[in-house]
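Down below is the structure, laid out as C-alpha cells.
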C-alpha cells in the first residue's frame, strides 16, 4: 500500500469500524499531544486503553492505564503508536504477539516505519503512518473546519449538536 497518501474513505472506514483503541505512549501530562488524543477519542465514544509503564494502574483521562499491550484486559481493534519511529520494529513484534491481532495499527505524526508496515499488512492489519486520528476525525467530520482550517472536505450536512463534545457523523452512536 502507498503510505504517502490515504483516501478519505480508507481513514473514515477505520474511524467508523474501530471501537477500542490502545494508545501506546499515552501521557498523564495534560499538555502533551498523547493526552489530548486520549481524551478526545474517549470523548468521541471509543473505548481507550492508555499504555504507559510508568502510569500502570493509574488513570489517564479517566481510563485505566496498562504497562504494555500484553497487559490489556482484552482485545483491541486499533493500536495507536506515540513512540519514535526507531521504536516501531519492537512495537510491531509486541503487536504481532497479540491474540487476536488488532485490525489497525496507527502511527502518529512523524512516526513511520515502512518495513514494519509491510510485516503488519502481511498479517491482514491495516496500517496508517504519519497521521493523527484526532486530526483526521476532526477533518473528516467537518469539526476542524469550524476553526478556519481547510479540511479538504466539502459537505452541506448540518452537524447534529449533542451534549458535551460533538460527534459530527464519523461515528454513529
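The values are calculated or read from the model by the stated rules, or taken from the named source; none is laboratory data. Treat the numbers as computed from the prediction; the structure is a model and nothing was measured. Positions of Cβ are generated from backbone atoms using ideal geometry, with glycine treated the same way; all protein chains shown enter the neighbour counts.
Quick notes on this structure:
- Residue 71 vs. criteria over 17 Å from the mean Cα position of the chain (by Cα), surrounded by fewer than 21 Cβ atoms within 10 Å (Cβ to Cβ) and in contact (Cβ under 8 Å) with a residue 40 or more places away in the chain: no
- Meets criteria (touching a residue at least 60 places away in the same chain (Cβ under 8 Å) and either surrounded by 13 or more Cβ atoms within 10 Å (Cβ to Cβ) or out of contact with any helix residue (DSSP H, G or I) (no Cβ under 8 Å at 6 or more places or on another chain) (or both)) for residue 93: no
- Residues in segment 1-30 that are assigned to a loop (DSSP other than H, G, I, E, B) and either surrounded by 13 or more Cβ atoms within 10 Å (Cβ to Cβ) or under 12 Å from the mean Cα position of the chain (by Cα) (or both): 3, 6, 18, 19, 25, 26, 27, 28.
- Residue count, segment 109-140 (criterion: free of Cβ contacts under 8 Å to residues at least 60 places away in the same chain, surrounded by 18 or more Cβ atoms within 10 Å (Cβ to Cβ) and not in a helix (DSSP H, G or I)): 3
- When segment 35-45 is limited to residues that are touching a residue at least 60 places away in the same chain (Cβ under 8 Å) and in contact with a strand residue (DSSP E or B) (Cβ under 9 Å, 6 or more places away or on another chain), the one that is farthest from residue 115 (Cα to Cα) turns out to be 41.
- Every residue from segment 41-68 that is modelled with pLDDT of 95 or more, buried (at least 16 other Cβ atoms within 10 Å of the Cβ), more than 11 Å from residue 21 (Cα to Cα) and in contact with a helix residue (DSSP H, G or I) (Cβ under 7 Å, 6 or more places away or on another chain): 60, 61, 63, 65
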